[in-house]
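Readers should treat all values here as calculations from the given coordinates under stated rules, not as data from a laboratory. All of these numbers come straight from a predicted model, not from anything done at the bench. All Cβ positions, even for glycine, are placed from backbone atoms using ideal geometry, and neighbour counts span all protein chains on display.
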């Protein structure tokens with residue numbers, strides 16, 4: 001499986017990364033290098049193996065809690081790092097004409 | 001003995017006996033940082049006023065009362081800039097404190113400042129940082145060596161006596177590899193031992209916090225204060241925190257030490273192989289029994305990691321959107337999509353972008369089963385290897401790194417070659433088990449060589465006992481050339 005330039009552009013779009021045309025050949029090479037190398041896993045027989053998603057030893061199950069609000073009322077702290085604060089809102093370019 | 005040369009245990013005794021003060025300790029370290037840090041670039045943010053204020057208020061009766069520590073710049077610190085080494089967080093000032101650093105603070109520790117790292121903890125050299133590379137204090141004159149990564153600043157600061165200890169994180173070896181390259185001790189505890197809350201996320205199923213220090217006992221003391229259940233991290237383990245420090249002097253007689261054949265690949269540096277053999281001799285002399293074990297899926301661990309970690313990273317790093325916090329870039333008249341794409345392109349470095357792209361690809365429709373699901377199955381097999389090994393042994397001794405520290409100028413361009421640095425450390429993250437790295441000798445060129453002990457889940461005490469025994473045998477008292 002080898003990636004072409006169009007696939008790299010599509011993946012970059014999915015990842016919301018603006019990629020310059022001049023960088024596409026380098027990125028394509030690097031991604032193909034990495035993907036070619038991880039291809040080795042296909043040779044391992046994993047029939048009947050349950051995939052392991054989490055890091056917890058023993059596959060500890062995640063805890064549940066009551067679904068209620070436990071925090072809040074701190075708009076200033078939440079907005080303190082906003083690049084464009086508009087009152088108690090985040091400012092973004094116009095989305096709806 | 002100079003104040004910056006003390007161990008944490010020693011400083012604590014001196015503070016409690018009234019032989020020194022927290023303020024004198026803090027001032028000695030700030031002075032050392034002022035002299036040595038310009039050469040090393042280990043600290044990226046200092047806050048002397050805050051440090052001195054904390055020292056003045058320190059209570060020596062607390063477990064870490066007055067002990068000056070450096071904090072990896074990936075732990076959110078309330079009111080102190082936290083960058084994760086990334087331009088995208090270049091001006092980020094967290095309005096909250098990570099659980100681990102809050103615990104250290106509550107135990108009386110004094111913060112000296114924030115330490116350099118690879119961007120978002122992605123790297124093995126500390127060369128991928130918005131702050132510029134951190135330099136290994138063992139560098140000979142005229143040649144800059146890497147301290148390892150991603151916790152390069154933590155390892156360099158501890159080795160150069162710019163802190164008595166430091167916090168660090170380990171996703172694929174980021175505590176153990178730099179500890180080995182800088183000749184200090186570091187432990188990645190069992191996944192879930194320390195809360196991840198308030199630590200800038202890289203790959204959440206692999207990320208774990210841990211300490212670095214100059215002795216095994218000091219690491220045990222620090223881990224004892226960092227660890228513990230936290231309801232704010234749903235993967236934080238609700239298990240008791242044992243007295244790790246008490247385990248350091250424990251006898252290792254009768255413990256079975258596994259030696260995995262797969263960790264002696266062809267081409268392993270003869271110096272690393274020799275130091276490994278010497279480590280086994282020390283443990284044998286201390287009464288442990290050496291047994292061969294097999295971890296047959298080890299050779300697929302790196303490839304497994306470089307699917308799982310980028311996949312999680314691409315998801316975790318989706319939050320950097322140029323809207324809520326962090327860098328914003330937008331050309332005049334650009335739309336919301338331009339804002340996302342331009343901010344992320346300007347804010348993320350090359351390696352981070354590479355991993356986001358790989359992660360996005362392996363999670364994308366049509367490729368998920370072939371890459372991500374396959375890697376998760378390999379991960380299960382890698383964990384199963386360890387489960388099998390624990391029937392035959394109580395811990396494993398292996399090299400921590402394939403080589404000693406290498407030159408910053410000679411680091412490979414090819415990402416796959418660079419990833420080979422993590423070959424010995426990555427399995428512990430995939431399996432969720434603890435790993436302790438410690439210095440075991442010097443290379444012919446006078447550089448530290450490290451070994452790592454791997455253990456069963458939540459059996460860090462066994463690693464501290466074995467580490468303590470090895471430390472006694474090694475007598476690693478060498479100091480780097482660039483030192484306070």
If you take the square roots of the eigenvalues of the alpha-carbon gyration tensor of the stretch B:370-484 and sort them as a ≥ b ≥ c, do you get rounded (a/c under 1.5), prolate (a/b over b/c) or oblate?
oblate
Based on other C-beta atoms within 10 Å, arrange B:52, B:25 from fewest to most.
B:52, B:25
How high is the FRET efficiency from residue B:39 to residue A:68, r the C-beta distance, R0 45 Å, rounded to 0.05?
0.25
The stretch B:1-86 -> Rg/Rh from Cα coords, Kirkwood Rh, value 0.98
Between the stretch B:362-431 and the stretch A:1-63, the alpha-carbon center distance in angstrom:
15
Assertion target for B:122, B:418, B:212, B:226, ordered by fewest C-beta neighbours within 10 angstrom first, is B:418, B:226, B:122, B:212
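Report the FRET efficiency, 1/(1 + (r/R0)^6), for residue B:274 and residue B:31, where r is their Cβ-Cβ distance and R0 is 35 Å, rounded to 0.05.
Efficiency computed from Cβ-Cβ geometry: 0.35.
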Relative contact order for the stretch B:1-100, counting Cα pairs under 8 Å that sit 6 or more residues apart, in percent:
23
From largest to smallest, what semi-axes in whole angstrom does chain B give when each is the square root of 5 times an eigenvalue of its alpha carbon gyration tensor?
31, 29, 21
Per residue, how big is the convex hull of the stretch B:110-195 when only Cα atoms are used? Give it in Å³.
97
Decide, for the stretch B:360-430, between rounded, prolate and oblate: order the square roots of the alpha carbon gyration tensor eigenvalues as a ≥ b ≥ c, take rounded if a/c falls under 1.5, and otherwise choose prolate if a/b is larger than b/c, else oblate.
oblate
Just to be sure I understand: of the beta bridges DSSP finds with both ends in the protein assembly as shown, what percent are antiparallel, rounded to 5?
70
Running Debye on the stretch B:241-343 with equal point scatterers at the Cα sites and no solvent, what base-10 log of I(q)/I(0) appears at q = 0.11, 0.12, 0.14 Å⁻¹?
-0.68, -0.72, -0.80
Mind checking the mean number of beta-carbon atoms from other chains within 10 Å of the Cβ atoms in A:79-86?
5
Using every Cα-Cα pair within the protein assembly as shown, state what percent have a distance larger than 33 Å.
40
Using the basic label-point model (7 angstrom from Cα toward the beta carbon), what is the residue B:261 to residue B:143 distance in nanometres?
3.7
Apply the a/c threshold of 1.5 to the C-alpha gyration tensor of chain A and tell me whether it is rounded, prolate or oblate.
oblate
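So if I take the alpha carbon set of the stretch B:313-441, get Rg, then get Rh from the Kirkwood formula, what is the Rg over Rh ratio?
When Rh is taken as the Kirkwood radius, the ratio is 1.08.
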Where both partners of a DSSP beta bridge lie in the stretch B:34-173, what percent of those bridges are antiparallel, to the nearest 5?
35
A chain fully extended from residue B:319 to residue B:370 at 0.36 nm per residue, minus the present Cα-Cα distance, gains in nm 15.7 nm
Quick check: Cα centre of the stretch B:1-76 to Cα centre of the stretch B:124-185, how many Å?
19
Taking just the alpha carbons, could you work out the radius of gyration and Dmax for the stretch B:1-153, both in angstroms?
15.7, 46
Rounded D (µm²/s) - the stretch B:286-360, Kirkwood Rh over Cα pairs, Stokes-Einstein at 25 °C, 0.890 mPa s
162
Can you give the FRET efficiency for residue B:407 and residue B:234, using 1/(1 + (r/R0)^6), R0 = 51 Å, r = Cβ-Cβ distance, to the nearest 0.05?
0.75
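Among B:331, B:297, which comes first, then next, by fewest other beta-carbon atoms within 10 Å?
B:331, B:297
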What does the helix-only formula give at 222 nm for chain B: each DSSP H stretch with n ≥ 4 adding -39500 (n - 2.57), the total divided by the residues, and the result rounded to the nearest 500 deg cm²/dmol?
-11000 deg cm²/dmol
Considering only chain B, percent of DSSP beta bridges that pair antiparallel, nearest 5
65
Of A:11, A:38, A:69, the one that fluctuates the most in a GNM where chain A has Cα springs shorter than 10 Å
A:69
Relative contact order for chain B: what percent, with Cα pairs under 8 Å and sequence separation of 6 or more?
18
Expressed in Å to one decimal, the Kirkwood Rh of the stretch B:209-252 from all distinct alpha-carbon pairs is 11.5
